[in-house]
1. Give the lysines reachable from Lys81 as a straight Cα distance under 25 Å; neighbours fewer than 8 places away on the same chain don't count.
2. Over the chain, what is the relative contact order in percent, taking alpha-carbon pairs closer than 8 angstrom and at least six residues apart?
3. Of the labelled options (i) 115; (ii) 181; (iii) 129, which one gives volume of the Cα convex hull per residue in Å³ as computed for this structure?
4. What angle, in degrees between 0 and 90 and rounded to the nearest 10, separates the Cα long axis of helix 132-155 from the longest principal axis of the Cα atoms of the chain?
5. Tell me the label-point distance for the pair Asn86, Glu178, using the 7 Å Cα-to-Cβ offset, in nm and rounded to one decimal.
6. Give me Asp80, Asp109, Asp116 ranked fewest to most by other Cβ atoms within 10 Å of their Cβ, as a rough exposure proxy.
7. By how many nm would the segment from Asp57 to Tyr158 grow when fully extended, if each residue of separation counts as 0.36 nm and the alpha-carbon distance is taken off?
8. Round to the nearest 10 and give me the degree value, 0 to 90, for the angle of helix 52-65's Cα axis relative to the longest principal axis of the chain.
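Laboratory data are not the source of any read-out in this text; all were calculated from the coordinates shown. Nothing here was measured: the structure is a model prediction, and the numbers come from that model. So basically every Cβ, Gly included, is an ideal-geometry build from the backbone, and we count neighbours across all protein chains shown.
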Amino acid sequence: MILKPFLEANRLEAGCDEVGRGCLAGPVVAAAVILPTDYSNPWINDSKKLGKVQREDLIHEIKEKALCWNIAEASVPEIDKINILNASFLAMGRAVLGLKIKPDHLLIDGNRWKSDLTIPHTCVIKGDGIYASIAAASILAKVYRDRLMEQLAEEFPYYAWDRNAGYPTKAHRAGIEEYGGCIWHRQSFKLLPEQLQLNL
């Protein structure tokens with residue numbers, strides 16, 4: 001199924017999405033993408049429905065064909081200070097602000113959005129499976145974040161971040177239980193079910 005190219009024709013729409021909200025470690029990463037209104041690619045889809053190789057192949061296509069794109073983060077300290085939902089909004093706002101072309105309208109994945117930006121927006125539940133620009137944003141954000149967590153795993157190998165990207169898998173929690181947390185863990189999150197005292 002080919003995703004929709006736009007919500008409304010003849011305007012610059014930026015699709016926005018984030019990844020990493022449910023992780024125990026690492027930043028939340030967002031992307032914003034403006035695609036040409038005539039763009040079509042049957043492989044573009046919600047990043048969670050694609051394999052790693054597919055996502056890696058598609059980022060080159062997206063970056064080449066998009067009118068513009070940008071990736072941004074909200075850090076672990078920011079997540080702990082303002083909570084993960086607000087940090088997700090912050091990262092998406094930064095992604096939009098970094099676009100070289102100002103969009104006329106934003107397509108936001110999810111059911112709500114809060115920002116100081118004055119650009120009109122539409123929230124779309126499961127939008128990464130409906131609009132190509134949101135799906136493209138989800139792919140860029142996920143590939144960027146997965147690569148970041150793989151790099152961090154070289155310095156902190158105990159948590160299997162190269163395999164779980166910071167999500168609360170059994171291997172990740174076993175590493176926390178044995179070695180404690182590290183600077184990349186979100187202290188505002190319940191790192192272990194029993195909330196053991198961590199050796200930070």
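1. Within the straight-line cut-off, Lys81 pairs with Lys114, Lys142, Lys190.
2. In percent, rounded to a whole number, it is 29.
3. (i)
4. Long axis of 132-155 versus the principal axis of the chain: about 30 degrees.
5. 3.7
6. Asp116, Asp80, Asp109
7. 33.4 nm
8. 40
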